[in-house]
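Working notes for the structure below.
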Amino acid sequence: MTDTLAALRGQVTVVGSGLAGLMTALTLAPQPVVLVTSAALGTQTSSAWAQGGIAASVGVDDSVELHLADTLLAGDGLCDARIASEIVAQGPAVIAALECAGVAFDRDRAGCLMLGLEAAHSRRRIVHASGDASGAAVITALVRAVTNTPSITVLEATDVRTLLTDGGAICGLTVSKEGQTVAIATDRVVLATGGIGGLYDSTTNPTSNFGQGIALAARAGAELADMEFVQFHPTGLDSARRPLALVSEAVRGEGAILVNDAGERFMSGIDGAELAPRDVVARAISTELTQGRHVFLDARRALGDRFASRFPTIQALCQEAGVDPARDLIPVRPAVHYHMGGVATDLKGRSSIPGLWVVGEAASTGLHGANRLASNSLLEAAVMGMRAAHDIAASAQGVIRLSTCMQTVPVPDASAVRATVSRRLGVLRSRSDLQSAIAALLPLAESRGPATDPAIVALSIAVFAMLRQETRGAHARVDFPLKLSLTRRRTMTYADVLDVARAETHSIARSA
């Protein structure tokens, strides 16, 4: 392995093999690229599990302006309008690029793209593939394309341990494979490592995804943004399965309704009803659950026997849980699904550290604001992967001075933080819960054990959440239920996070 990595010196290194990472590597071709992935290529990535599809204004009754308006409304006042406009405008181009890469999107008999409807969209604009297996179809095609691209060297079953810097700029990274840790010397690294769902007990994401890219960038000194905004998908299939299976909101888009165990349609009086933004629906379901009720999705009248043909993947997952959606109510509960926060980046994917680009869910561009509009995630991943690649291709390689001193970092393990994160950083938050989370997570973050990296990410979420004293989008404070008249996005380095956390724990200690 050492000889192989020495031969890769100076090559662009992409970390992660979801949609953002694959698009970055493919767009850079024929420039040599190293693609590092912790599992087999394209596996253990949320992209492959995406059911709904990709939001793009390609319908005859749609426009970029309408897509943008829906995005800004869902983002609840915190979207960066300029960035959102740039990204959603690329929707049609992304669909075309993916089709050129081999993705076969679903089309009707006339050859027109079939478009689905999801929550908070004013038009049918969800481009899907293989019914409700869009992510898998996209990733399968891109993995095939990467495998057939000779300029891309893939390192599978390889974990990134640290980012290396020289004078505040990237000069390399350390990777571990089969117990051996070595360095790759490069001044251009792209993190495409996905989300944070593995920090929680109830998630629809791969449980191994705990925010690795955020932890790497945070330890290197990068600015983080909007870490408090964790989106809970309202309708995770409530079962013993972990991670929870997802019941796509496209099911609600086809007319399914939410009811409690008293048979009440509790969303009927809320603007948008079942197709209200995800934060609204998740809070409504959480309120029902905290009052001791159970919540179900009822697709019997809307879909009935058509459920299996329209949603074959969800049908199989329901059958696994002993539920027949054509005849039974589907038990659901909120589950962590997406993180709007992450490493702060610009429209080229650049972080605050020279030589470090971050794309996909690990980044926070400002597109999603306080609440992601459904299916804008795969759109952003593809757009930003391509944008970062174009920016890298236009940049000149610098002189790389790689230190031979490599810090030993333990294999990360999120198990020690899950109980705290799940209980204290859920859909509904309070000052007392956030204080408890900070007190429990700070010692773990300051240690040098397996829980350190997951605790760094979780502590950052808790501190950002403590500082946002309002309810907005996916961040709900029961002690601050109203929105502030003036609000803004927040960026902080991890050093800033530690300062706030330490001050808060000292304050708690003094008042005890």
## Note on the structure
Long-range amide H partners of GLY42, meaning residues 5 or more apart or on another chain whose placed amide H is closer than 5 Å, are SER17
### Task
Using only the Cα atoms of the range 5-90, each taken as one equal point scatterer with no solvent, compute I(q) by the Debye sum, divide by I(0), and report log10 of the ratio at q = 0.22, 0.26 Å⁻¹.
-1.04, -1.16
#### Entry: Span per principal axis, largest first, for the Cα atoms of the range 90-153 (Å)
42, 27, 21
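With +1 on each Lys and Arg Cβ and -1 on each Asp and Glu Cβ, how big is the dipole of the chain about its Cα centre, in debye rounded to the nearest 20? Can you show the working numbers first?
On the way: 45 positive and 49 negative charges, 92 e Å.
Once rounded to the nearest 20, the dipole reads 440 debye.
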### Message
At 0.36 nm per residue, and after removing the present C-alpha to C-alpha distance, how many nm does the segment from ARG489 to ALA29 gain when stretched out fully?
### Response
162.1 nm
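Report the percentage of all Cα-Cα pairs in the chain whose separation exceeds 28 Å, rounded to a whole percent. All intermediate terms of the calculation are to be shown ahead of the outcome.
Working: 66424 of 130816 pairs.
The share of Cα pairs beyond 28 Å in the chain comes to 51 percent.
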### Message
If you average the alpha carbon positions of the range 44-60 and of the range 183-232, how far apart do those two centres end up, in angstrom?
### Response
21
### Message
Once you place label points 7 Å from the Cα toward the Cβ at ARG502 and ASP61, how far apart are they in nm?
### Response
5.8
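Under the Kirkwood approximation applied to all pairs of distinct alpha-carbon atoms, what is the hydrodynamic radius of the range 235-335 in Å? The partial results should precede the final answer.
Working: mean 1/r = 0.0745 Å⁻¹.
Value: 13.4 Å, from the Cα pair sum.
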### Task
Please give, to one decimal in nm, the separation of the simple spin-label points placed at ALA6 and ASP479, each 7 Å out from Cα toward the Cβ.
5.8
#### Entry: Rounded Å value of the spacing that divides the Cα centres of the range 265-293 and the range 406-473
27
### Query
For the range 355-369, what does the Karplus curve 6.51 cos²θ - 1.76 cosθ + 1.60, with θ = phi - 60°, yield as ³J(HN,Hα) per residue in whole Hz, taken in order and with x for Gly and Pro?
x, 10, 9, 9, 9, x, 5, 5, 9, 10, 8, x, 4, 8, x
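Compute, for the range 405-511, the length of the dipole vector about the Cα centre, with Cβ point charges of +1 (Lys, Arg) and -1 (Asp, Glu) only. Units Debye, rounded to 20.
Details: 15 positive and 9 negative charges, 90 e Å.
Taking the Cα centre of the range 405-511 as origin, the dipole is about 440 debye.
For the range 481-512, which trypsin sites (Lys or Arg not before Pro) are both in a DSSP coil and crowded by at most 14 other Cβ atoms within 10 Å?
Details: sites: LYS483, ARG488, ARG489, ARG490, ARG502, ARG510; in loops: LYS483, ARG488, ARG489, ARG490.
When the trypsin sites (Lys or Arg not before Pro) of the range 481-512 are filtered for loop state and at most 14 Cβ neighbours within 10 Å, LYS483, ARG488 remain.
Sum -39500 (n - 2.57) across every DSSP H segment of at least 4 residues in the chain, then divide by the residue count to get the 222 nm mean residue ellipticity, nearest 500. Write out the running numbers ahead of the final one.
Details: 17 runs with 180 residues, N = 512.
Value at 222 nm, helices only, nearest 500: -10500 deg cm²/dmol.
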### Query
Averaged over all directions, how much area does the convex hull of the C-alpha atoms of the range 405-511 cover when projected, in nm²?
7.8
### Residue (of SER309, THR235, HIS294) at the positive-pole extreme of the range 235-335, dipole from beta-carbon charges
SER309
### Summary
Once phi for every residue in the range 445-459 is put through the Karplus expression 6.51 cos²θ - 1.76 cosθ + 1.60 (θ = phi - 60°), the whole-Hz ³J(HN,Hα) values, with Gly and Pro written as x, are 5, 8, 7, 10, x, x, 7, 4, 5, x, 5, 4, 5, 5, 4
### LEU164 long-range amide H proximity, modeled H, under 5 Å
CYS171, GLY172, LEU173, THR174
## Note on the structure
Treating every alpha carbon of the range 147-188 as one equal point scatterer without solvent, the Debye formula yields log10 I(q)/I(0) values at q = 0.28, 0.31, 0.32, 0.35 Å⁻¹ of -0.95, -1.02, -1.04, -1.12
### Message
Could you derive backbone 3J(HN,Hα) for the range 265-281 from the dihedral phi with the Karplus parameters 6.51, -1.76 and 1.60 (θ = phi - 60°), listing whole Hz in sequence and x where the residue is Gly or Pro?
### Response
8, 6, 8, 5, x, 9, 4, x, 6, 5, 9, 5, x, 4, 4, 5, 5
### Summary
Any residue on another chain or 5+ positions along whose placed amide H is under 5 Å from the amide H of TYR338 is listed here as GLN231, HIS233
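With r as the distance between the Cβ atoms of SER430 and ARG327 and R0 = 51 Å, compute the FRET efficiency 1/(1 + (r/R0)^6) and round to 0.05. Before the final figure, lay out each step's value.
Working: r = 40 Å, r/R0 = 0.79.
The formula returns an efficiency of 0.80 here.
Only the coordinates and a few stated rules stand behind these numbers; no lab work does. All values reported here derive from a predicted model rather than from experimental measurement. Note that we place each Cβ from the backbone using ideal geometry, even for glycine, and neighbour counts take in every protein chain shown.
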